[in-house]
Amino acid sequence: MRDPKTLRSNKWFHGDQYEHLARRAWLRSEGLGDAAFDGRPVIGICNSWSELTNCNAHLRQVAEAVKRGVWAAGGVPLEFPTISLGEMFMKPTTMLFRNLMSMDVEESITANPIDGVVLLCGCDKTTPAQLMGAASANIPSIMVTGGPMLSGRWHGRPLGSGTDGRKLFEDLRAGRIGEEQWAEVEGCISRSAGHCTVMGTASTMASMAESLGMTLPGGAAIPAVDSRRYQLAEASGRRIVDMVHEDLKPSRILSREAFENAVRTDMAIGGSTNAVVHLLAIAGRAGVELSLDDFDRISRDTPYIADIKPSGQYLMEDFFYAGGLPSVMRELRPLIHGEALTVTGRTMAEELQGVEVRNREVIRSLDAPLNPEGGTAILYGSLAPDGAVIKQTAASPHLLRHRGKACVFERYDALRARIEDDDLEVDENTVLVLQNAGPLGGPGFPEWGHLPIPGKLLKAGVNDIVRVSDARMSGTSFGTDVLHVSPEAAVGGPLGAVRTGDEIELDVPARRIELRVEESEIRRRLAERPPQRPHYRRGYGKLFLDQVTQAHLGCDFRFLAREPEENGGRASVS
Ligand code: FES
């Protein structure tokens, strides 16, 4: 047991000044009695619940389960809100606000009498935002993710939210299904509370939190409405109290080894390309050096083994029954750092002892993988000097080596306006290019990178073409989409020099993306580009434009990253 005098909360509640009495008195107004002030750790429950974030709409019930655990272990739970980021509603994109939420999380923790914190998240950006904030605050922290929705089903066909909705929308555009069937899909694709049911960004980031060691084992895949999620939440409430007594902080868990484990796991599960940006940003907060090259190096010798949409065929519920993330990491055991510490206080190797794979259809072995390499590949070349990403396991194999003429759109609205135009000069070899959709150009780095297939190609039965942009794409998307081209067009990257008719060469096995135009001509064209008018002149938007880094660095704000030698925390907030 830790000496109560060493707790952060002690400084708020115990002393002989007026404010000590006042703080106790005001907390008593919530109905808390003497037990709240007898030296127990105060546990903050950082809740991203919001009815505007439908994926997180059940987190108040999850918080109640956490509170039971905290009380049972001898702590005092105090729940608090932060802003929440609902992928479905927020404009122009939730990514614009990830860093804002991370700052809210950090400052809410550090400004208050909190000794440890339980982070409740779910929808895509809420998970990295909380991990970034917690890494910066650096007090004992444990995460409880919200879990995936129940699987959808339509006319006997399993429906994965996002992935199958997009596929069926293409069927609608091509005339393969009608309006009546489309309306039926709306009623059954999103069956319960929880995040998207495929290995989209939310499921991937829940898996990243678990593989980093920031959740209790097995938490990522439990369905949102399964009673076992509430049991896990209660157990997390109990565990955080012990973590406070042990002074087990994120800076001891978020090591270089933990990040390498997370990247490897990301590759094995065919995780969302967004995980690249988020892990870079979280590592930056933890003071751990991580780069795109680490992703590519690890991807090359990590087999893709989890057969889950959008790269595979099963849904998160199937993944849970197959053993979930512990089973994947057990398979990866020869490749991961077993010594990495987790929130349990034990190592990852200890946690994986006795874990089995329960369904070999869903989780393959390293000897019989779905793909010999990991889900994401990093590309470089004259079109992306600082890098680009592609989810190779969700791309069309015949397009992984491809040369074609570019059809270029300077802005997304121009692309949307023309995509159904039968006069658009495109064929199945075209490389569709979108510029000005990156962190500054979007603005906010929107998920536009899964560019729609031109209507006339869809109707002709073409379901995939090479697409290149400086945007991100939803983790639920699929196709031969080259994303996160860096530097982006808006800051003078060569993507901005591409013109319709130029030849682009993609070679994923060689990790190249080349613009087949003379370097001098690229420079000339870039010099001719008119300066961009900033999207924001005031407020948070201006702060974002002034401070955000490029995609290959994680898109955090420059002033929020920690220098590697500072690892050890925000000087342990007091
Ligand atoms: Fe929230 Fe997919 S929309 S996880």
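The values are calculated or read from the model by the stated rules, or taken from the named source; none is laboratory data. Everything numeric in this text was worked out from a predicted model, so none of it was measured. Reconstructed Cβ throughout: ideal geometry from the backbone, glycine too, with neighbour counts over all protein chains shown. All accessible areas refer to the heavy atoms of the entire protein, side chains included, with ligands and DNA or RNA removed. Shrake-Rupley method; radii C 1.70, N 1.55, O 1.52, S 1.80 Å.
The figures follow:
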quantity	calculated
Descending semi-axes in Å of segment 126-262, equivalent ellipsoid built from Cα gyration tensor	37, 16, 10
Stretch gain in nm, segment E30-H14, where the contour uses 0.36 nm per residue and the Cα spacing is subtracted	3.9 nm
Free-standing Cys residues across the chain, given no other cysteine C-beta under 4.7 angstrom	C46, C121, C188, C196, C407, C555
The chain, relative contact order [Cα under 8 Å, separation at least 6], %	14 percent
Stokes-Einstein diffusion coefficient of segment 8-106, Kirkwood radius over Cα pairs, 4 °C, 1.567 mPa s, in µm²/s	84 µm²/s
Under-5 Å amide H pairs with N371, H placed in peptide plane, nonlocal only	Y304
Kirkwood hydrodynamic radius over Cα pairs of segment 391-544, then Stokes diffusion coefficient at 25 °C and 0.890 mPa s, in µm²/s	154 µm²/s
Accessible surface, per residue, of segment 332-402 when the full set of protein chains is kept, probe 1.4 Å, Å²	44 Å²
Cα long-axis angle, helix 274-286 against the chain (0 to 90 degrees, to the nearest 10)	40 degrees
Size of electric dipole in segment 32-140: Cβ of Lys, Arg +1 and of Asp, Glu -1, about Cα centre, debye, nearest 20	220 debye
Nitroxide proxy distance, nm - points 7 Å out along Cα→Cβ at R516 and L366	4.0 nm
Helix-derived mean residue ellipticity, 222 nm - over the chain, DSSP H n ≥ 4, -39500 (n - 2.57), to 500	-10000 deg cm²/dmol
Rounded accessible area of R23 (nearest 10 Å², 1.4 Å probe)	90 Å²
GluC sites (Glu not before Pro) lying in DSSP loop within segment 7-62, provided at most 13 other Cβ fall within 10 Å	E30, E51
Farthest toward positive dipole pole in segment 133-208 [+1 Lys/Arg, -1 Asp/Glu at C-beta], among H155, G133, G194	G133
Taking N as its residue count, the alpha carbon Rg of segment 314-420 over 2.2 N^0.38 Å	1.54
Solvent accessible area, Å² - Y18, 1.4 Å probe, full protein context	150 Å²
Per-pair calculated FRET efficiency, R0 = 35 Å: Y536 and H398 via Cβ, rounded to 0.05	0.25
Degrees, to the nearest 10: 227-246 long Cα axis against longest axis of the chain	60 degrees
Share of carbon and sulfur in the accessible heavy-atom surface of the chain [1.4 Å probe, %]	49 percent
With DNA, RNA and ligands ignored, accessible area of R330 (1.4 Å probe; Å², nearest 10)	90 Å²
Sequence-separation-based contact order of segment 135-238, relative, with Cα cut under 8 Å and 6+ spacing, percent	39 percent
Translational D in µm²/s for the chain (Stokes-Einstein at 25 °C, 0.890 mPa s, Kirkwood Rh from C-alpha pairs)	102 µm²/s
Largest to smallest accessible area among K309, K167, K405 [probe 1.4 Å]	K405, K167, K309
Accessible heavy-atom area order of W12, W182, W71, highest first, probe of 1.4 Å	W71, W182, W12
Largest to smallest accessible area among Y321, Y304 [probe 1.4 Å]	Y321, Y304
Amide H contacts of R153 (H built 1.01 Å from N, under 5 Å, at least 5 apart or other chain)	L159
